[in-house]
Structure formats: structure tokens, C-alpha cells
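Enquirer: Please read through the structure below; I'll follow up with questions.
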Amino acid sequence: MDEVTLYHWEPNANSGKPMLALMEKGVPFTSHYIDMLQFDQHKPEYLAINPQGTIPAMTHSADGQKRVLTESTAIMEYVNDRFAGPDLMPADAQDRWRVRWWMKFMDQWLGPSFSMIGWSVFVGPMVRQRDPAELDAAIERIPLPERRVAWRKAISGDFSAAEMAESRRRVSLGIARLEEELGKRPYVGSNQYTLADINIFNSTYSLPLSQPDLAGKDKTPNIMRWLKRVYTRDAVKKTWAMGKTDLANRYGLIMAEIEG
Amino acid sequence: MSAILYHGEPNGASLTVLAALAESGLAIECRHIDLLGGERHAIAGIADPVARDLGIEGEGPVLVAGGEAMTESVFLAQYFDEAAGGAGLQPADAHARWEMMMWCRQITERLSPAAALLGNMANAQEAIAAIPDDTFAALTASIVSDDLRERWQALHDGVIDAAQIADSEAKVAAAVDRCEKQLGDGREWLMGTFSIADLVTWSWLAGMQPLQPAAFADAPLTQAWIVRTGARPSVQAALARATVPDPLRAWAPGPEINRWG
């Protein structure tokens with residue numbers, strides 16, 4: 001009997017990717033909520049699962065073996081390959097290439113810019129109010145040196161004007177390219193709903209609220225049509241119902257904006 | 001559908017893709033382009049250039065198929081493997097495939113930018129700095145990606161800081177360590193069976209041996225694997241496409257070093 005456990009934060013960005021992929025495939029899984037803002041991901045219980053201290057992570061027990069999988073996009077590919085259910089990759093080789101290209105574009109070029117902005121306006125201010133000594137101790141527990149640097153920067157709000165400007169440039173360019181892409185075909189990279197849609201949706205679902213100058217009904221009609229198509233999927237609704245923070249409330253606001 | 005593979009000298013991303021093409025057995029026309037001459041940014045017949053223009057890999061090869069520019073060496077290798085109906089370059093088991101993709105991502109995110117920086121500094125920086133100003137201005141004006149253009153400019157101006165060099169040297173050493181551990185159980189290939197992981201790792205690491213010999217000194221398994229992989233007919237066929245005596249010294253501006261997260 002297969003047993004799947006997913007360690008995740010909110011249905012958002014990286015954590016949302018395997019949540020949605022599992023939901024779309026209809027794979028039952030045990031949800032283990034990791035509160036990123038409480039640094040749950042650096043606590044010994046979680047480091048025993050994923051010593052890198054990054055979320056999400058998934059364990060899959062089958063045929064007497066228990067495997068730990070990390071890296072959100074790679075987990076999604078595993079989920080799609082390993083389990084029955086609708087195929088979340090297109091059959092055509094060039095479509096498959098395009099799906100992979102868009103996922104890398106998001107994961108390595110555009111996503112880090114969304115993330116930098118998100119951390120500077122959301123994550124940093126949320127955790128900054130805590131006791132500095134407690135925060136210092138929490139940061140010292142982070143296993144990956146680059147993540148330690150990232151958290152320090154976020155907490156101290158230490159992003160340079162040049163870094164933020166570059167992130168804004170990438171977000172603006174990335175949104176424009178996505179708008180073009182969704183003018184060519186109904187979904188990202190192909191004519192069917194795939195891992196690329198899940199990947200990119202998780203970082204763009206709130207654009208009409210978070211980047212109203214760049215995205216919305218008039219500026220990006222193709223993105224808005226696509227968002228609406230994805231929003232109404234059962235798997236998306238079920239996944240969002242698992243949210244525990246104010247992010248969940250935002251989904252409703254965006255839905256109203258899209259349907260209005 | 002007719003397709004043309006535009007590639008640089010067989011090293012780095014171009015080497016991975018040329019060798020994968022040879023492994024796949026597909027008959028696709030290959031055309032050499034001068035990467036340092038900016039020819040990648042002037043390929044004719046591209047109706048859909050977004051992947052060329054926003055390629056994360058930098059001056060990697062471009063496959064033009066049906067007017068669409070296709071880039072990123074790992075994904076092109078997967079494309080050849082899948083378009084050939086399965087040429088054995090990807091494990092059949094889902095977990096083994098996850099391991100291969102994780103490995104390839106480590107290599108392309110960490111080793112590739114580091115190797116490209118060190119390789120360019122040692123072998124291409126002088127040539128890029130020597131490009132006359134008006135020629136250089138025309139070349140960089142043809143580059144759509146602002147961040148790729150900045151990497152060309154940094155090499156042209158010789159403004160690479162010492163911390164970046166040190167970080168890149170550490171990343172090359174870390175990649176060798178990873179290989180040595182991976183090969184520690186006596187396996188022949190990085191994933192057990194031969195795969196894209198061998199091609200992509202070899203393509204960025206083989207050229208580092210003469211530049212960073214100390215990193216390889218205590219890595220006999222990796223050294224033997226470099227010899228073994230280099231002897232594969234597909235790698236030999238790729239290397240035979242070189243137009244210079246030592247293609248492993250041929251570099252052009254590569255992927256960017258991770259900026260955040």
C-alpha cells in the first residue's frame with residue numbers, strides 16, 4: 001500500500017506545487033503543515049526528514065521502501081511519473097520541452113525575483129517583530145549557508161535598491177512574456193493543463209492584486225483568462241482550502257476580481 | 001519536421017547537446033556558429049525566439065524546430081531522447097529519473113555558472129576584451145537579455161571580483177566531491193546506468209581538469225569516469241565537430257550565478 005506524506009507550508013509558490021500535483025492526480029496524502037514563519041523547517045523533527053531544511057519535501061512508502069523527495073518541481077515530475085491519474089505532461093516531445101523550459105524560467109529566473117519582493121514586503125516584516133536573540137538562534141539552525149544569508153537579508157530588510165530594481169525588471173518582463181505565451185496557446189507551453197501551469201500558477205495567482213500596474217483585465221487579458229481557467233479547477237479549490245494564513249483569504253478576493 | 005542545431009565548439013552546453021544527439025541517433029543538421037562572434041543572436045529563420053533570448057544557460061546551443069528556438073542543454077538532451085522514442089538517456093524508473101533531474105539541476109545551477117566563469121576568465125576574457133569597441137557595441141546590442149549582456153560586459157571590462165572566483169573554485173571542487181562520492185560504490189556511470197547526468201556533468205567538468213587540477217587530485221574515481229565518458233563514441237563524435245585544436249578550452253559567457261534564494 002502506497003503511503004505519501006507531504007511536508008508543506010501554504011498552498012503558495014514552492015509548497016503549492018506538489019500539493020496541486022497530488023490533488024490533480026487524485027493521490028491521497030497525509031498533510032504535514034510546516035509553519036515557515038515559525039521556522040518549523042529548521043527544527044530537528046523536520047531536519048530528520050530533509051537535512052537541507054527546505055520545504056516542501058515528500059515521503060513515499062511503497063514496496064517496503066520509504067523514499068524522501070525534495071525540490072518542488074522535481075517532486076511534481078515524480079508524482080506525475082509514478083502515479084496513475086491524468087497525465088500532467090503533454091505527449092509531444094517539443095511540447096514537453098516547452099513545459100520544462102517554462103518551469104526552469106520560473107524556478108531559476110523569474111521566481112527568485114517574485115520571492116525577493118515577497119520576502120521584502122511580507123516575510124521579512126512578519127518575522128522582524130520577534131525577539132532578535134530568538135531570531136538569531138533560529139537563523140543559526142539553518143543548514144544551508146545561502147539560506148542563512150537569505151533569511152538574514154529578509155529579516156533586516158537588507159535588499160539593495162539595485163537588487164530590488166532588478167527583481168522588478170524581471171517581474172515586469174516575465175509577466176509580459178507570459179502574456180505573449182498565453183496568447184499563443186490556452187495553457188503554458190502546450191494545449192493542455194500541465195505541470196508548467198501548476199508551477200507558474202503558484203507564483204502568479206495573486207498578480208491582479210499584488211502587481212495591479214502590470215497585470216489585470218485590461219493589461220493582461222490572456223493571463224486573466226488563463227487564471228480563471230485554473231482557478232475553477234476542483235483540485236485548486238481543494239488545495240486552497242488547506243491554507244491556514246491570510247493568504248487563503250486573498251484567494252477569495254482574487255476570485256471575485258477575476259469573475260467580476 | 002526539419003530542425004537545425006546551431007552549436008558552438010563542443011564544450012559546456014554545446015557538448016552536452018551534440019553528444020546527446022549522437023546518442024539518440026536522430027538525423028538533425030548541425031551548424032557551427034561562432035559564439036564569441038555573437039552569431040547566436042543573429043540566427044535566421046526564428047519566428048519564436050523567446051527561449052533563445054531569455055535562455056538561462058547563456059551562450060548555449062539553439063535548436064530551431066518549426067521556427068521555434070529551443071534552448072537549455074538538459075531539456076534538449078531529453079527532447080532528443082524522447083523524440084527518438086527513448087534512446088536510453090533517461091532511467092525508466094520514476095525515482096531514478098527524479099534523482100537524475102536533481103543531479104542535473106545541481107550541475108546546471110552550481111557547476112555550470114562556476115565553470116563558465118573560470119573557463120571564460122582563463123580562455124575567453126582576453127579575446128572578449130580585445131573586441132574593438134564599435135564591434136562590441138553592435139554585438140551586445142543584438143543580445144536581447146539584459147542580464148546576459150551584462151555578463152558579456154563584465155568580461156569585456158575585466159570586472160570580475162575575487163569573491164566570485166573563489167566561490168566558483170569552491171563550486172568546482174564541490175562538484176568533484178559529489179562525483180567521487182556518487183562513484184564510491186564502484187558504479188560505472190553517475191546514475192548507475194548511463195544517462196544525461198553523465199553528459200551534462202562531463203561537459204562542464206572535463207574542461208576544469210587543466211584549470212583546477214588540485215580539485216581532482218584526490219578523486220581517482222572521478223578521473224577514471226572522465227576518461228570513460230570521454231571515450232564514448234557520442235562524446236568523441238561531438239568533440240570531432242571542433243574547429244579549434246582544444247575545444248575544452250573554448251568558452252563563451254555562460255549561466256548567471258544564482259542571485260537569490
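Read the figures in this text as sums done on the coordinates, not as results from a lab. A quick note: this is a predicted structure, and the numbers were derived from the prediction, not measured. Using ideal geometry, Cβ is built from the backbone for each residue, glycine included, and neighbour counts are taken over all protein chains shown.
Enquirer: Per-residue Cβ counts within 10 Å, from other chains only, averaged over B:60-68: what number is that?
Expert: Values: counts 0, 0, 0, 2, 0, 3, 1, 0, 3.
Partner Cβ neighbours, averaged per residue: 1.
Enquirer: What distance in nm separates the two pseudo spin-label positions at A:ALA165 and B:ALA162, each 7 Å out from Cα along the beta-carbon direction?
Expert: 2.8 nm
Enquirer: Beyond 20 Å, what share of the Cα-Cα pairs of region A:118-260 remains, rounded to the nearest whole percent?
Expert: On the way: 5827 of 10153 pairs.
Percentage above 20 Å: 57.
Enquirer: Over all directions, how big on average is the projection of the convex hull of the alpha-carbon atoms in the protein assembly as shown, in square nanometres?
Expert: Values: hull surface 96.1 nm².
The directionally averaged projection comes out at 24.0 nm².
Enquirer: Now, a different point. Rounded to the nearest Å, what's the spacing between the alpha carbon centres of region B:18-62 and region A:142-174? Just the number, please.
Expert: Comparing the Cα centres of region B:18-62 and region A:142-174, I get a distance of 32 Å.
Enquirer: Using alpha carbon centroids, what distance separates region A:29-83 and region A:84-107, in Å?
Expert: First find each Cα centre; the distance between them is then 22 Å.
Enquirer: A further question on this structure: Specify, per residue and in Å³, the volume enclosed by the convex hull of the alpha carbon atoms belonging to region A:146-225. Numbers along the way, then the final one.
Expert: Numbers: hull volume 9.0 nm³, N = 80.
Taking the convex hull of the Cα positions in region A:146-225, it is 113 Å³ per residue.
Enquirer: So if I place +1 on the C-beta of Lys and Arg and -1 on the C-beta of Asp and Glu, and nothing else carries charge, what would the dipole magnitude of region B:3-83 be about its Cα centre? I want it in debye, nearest 20. Could you put the intermediate results ahead of the total?
Expert: Numbers: 3 positive and 13 negative charges, 26 e Å.
Around 120 debye, computed over region B:3-83.
Enquirer: Mean residue ellipticity at 222 nm from the helices of chain B, using -39,500 (n - 2.57) per DSSP H segment of n ≥ 4 over the full residue count, to the nearest 500 deg cm²/dmol?
Expert: -15000 deg cm²/dmol
Enquirer: Follow-up question, since we're still on this one. Hey, what's the per residue convex hull volume over the C-alpha atoms of chain B, in cubic angstrom?
Expert: About 126 Å³ per residue, rounded to a whole number.
Enquirer: Follow-up. With +1 assigned to the C-beta of every Lys and Arg and -1 to the C-beta of every Asp and Glu, and no other charges, what is the dipole magnitude of the protein assembly as shown about the Cα centre in debye, to the nearest 20? Mind showing how you got there, number by number?
Expert: Working: 50 positive and 67 negative charges, 197 e Å.
Computed charge dipole of the protein assembly as shown: roughly 940 debye.
Enquirer: Right, next: Between A:ARG177 and B:ALA141, how high is the FRET efficiency from 1/(1 + (r/R0)^6) when r is the Cβ-Cβ distance and R₀ = 30 Å? Nearest 0.05.
Expert: Values: r = 20 Å, r/R0 = 0.68.
With a Förster radius of 30 Å, E is 0.90.
Enquirer: Further question on the same structure: Give A:LYS17/A:LYS153; A:LYS43/B:LYS171; A:LYS184/A:LYS244; A:LYS66/A:LYS153 a once-over and call out the pairs whose C-alpha atoms are over 30 Å from each other. Write out the running numbers ahead of the final one.
Expert: Working: A:LYS17/A:LYS153 25 Å; A:LYS43/B:LYS171 27 Å; A:LYS184/A:LYS244 36 Å; A:LYS66/A:LYS153 36 Å.
In this structure, A:LYS184/A:LYS244; A:LYS66/A:LYS153 exceed 30 Å between Cα atoms.
Enquirer: Sticking with this structure for a sec: Counting partner chain Cβ atoms within 10 Å of every residue's Cβ in B:242-250, what's the average? Write out the running numbers ahead of the final one.
Expert: On the way: counts 0, 0, 0, 0, 0, 0, 0, 0, 0.
Mean partner-chain Cβ count within 10 Å for B:242-250: 0.
Enquirer: Helix by helix through chain B, keep the DSSP H runs that span 27 Å or more along the axis on Cα and average at least -0.5 on Kyte-Doolittle, and give those back in order. Please list the in-between numbers first.
Expert: On the way: long enough: B:162-182 (30 Å, -0.29).
Length and hydropathy pass: B:162-182.
Enquirer: Could I ask something else about it? With no solvent and one point per C-alpha, what does the Debye sum give as log10 I(q)/I(0) for chain A at q = 0.08 Å⁻¹?
Expert: -0.32
Enquirer: Among the DSSP beta bridges whose two residues both lie in the protein assembly as shown, what percent are antiparallel, rounded to the nearest 5?
Expert: Details: 20 of 29 bridges.
Of the beta bridges lying entirely in the protein assembly as shown, close to 70 percent run antiparallel.
Enquirer: For n ≥ 4 DSSP H runs only, could you compute -39500 (n - 2.57) per run for chain A, divide by its residues and tell me the 222 nm figure to the nearest 500?
Expert: Details: 14 runs with 143 residues, N = 260.
That calculation yields -16500 deg cm²/dmol at 222 nm.
Enquirer: Evaluate the charge dipole of region A:93-259 about its Cα centre and quote only its size in Debye, nearest 20, assuming +1 on the Cβ of each Lys and Arg and -1 on the Cβ of each Asp and Glu.
Expert: On the way: 27 positive and 20 negative charges, 104 e Å.
With Lys and Arg at +1 and Asp and Glu at -1, about 500 debye.
Enquirer: Same structure, new question: Return the percentage of antiparallel bridges among DSSP beta bridges fully within region A:3-82, rounded to the nearest 5 %.
Expert: Values: 11 of 15 bridges.
Close to 75 percent.
Enquirer: Hey, another quick one. From zero up to wherever the largest Cα-Cα distance of region A:3-82 sits, split into 5 Å bins and tell me the percent of pairs in each.
Expert: For region A:3-82, the binned pair fractions read 3, 16, 30, 27, 16, 6, 1, 0 percent.
Enquirer: What does region B:3-83 give for Rg and for Dmax, in Å, if only its C-alpha atoms count?
Expert: Gyration radius and largest Cα-Cα distance of region B:3-83: 11.3, 32 Å.
Enquirer: Along Cα→Cβ, 7 Å out, is where each label goes; now give me the distance between the ones at B:SER2 and B:ALA217 in nm to one decimal.
Expert: About 5.5 nm separates the two model spin labels.
Enquirer: Placing +1 on the Cβ of each Lys and Arg and -1 on the Cβ of each Asp and Glu in region B:94-232, which of B:ILE165, B:SER142, B:ALA197 has its Cα farthest towards the positive end of the resulting dipole?
Expert: B:ALA197
Enquirer: On a C-alpha basis, how far is the centre of region A:221-260 from the centre of region B:204-259 in Å? Whole number, if you could?
Expert: One Cα centre to the other: 47 Å.
Enquirer: Still on this structure, I have one more. Quick check on chain A: of the DSSP beta bridges with both residues there, what percent are antiparallel, nearest 5%? Can you show the working numbers first?
Expert: Details: 11 of 15 bridges.
Bridges in chain A are about 75 percent antiparallel.
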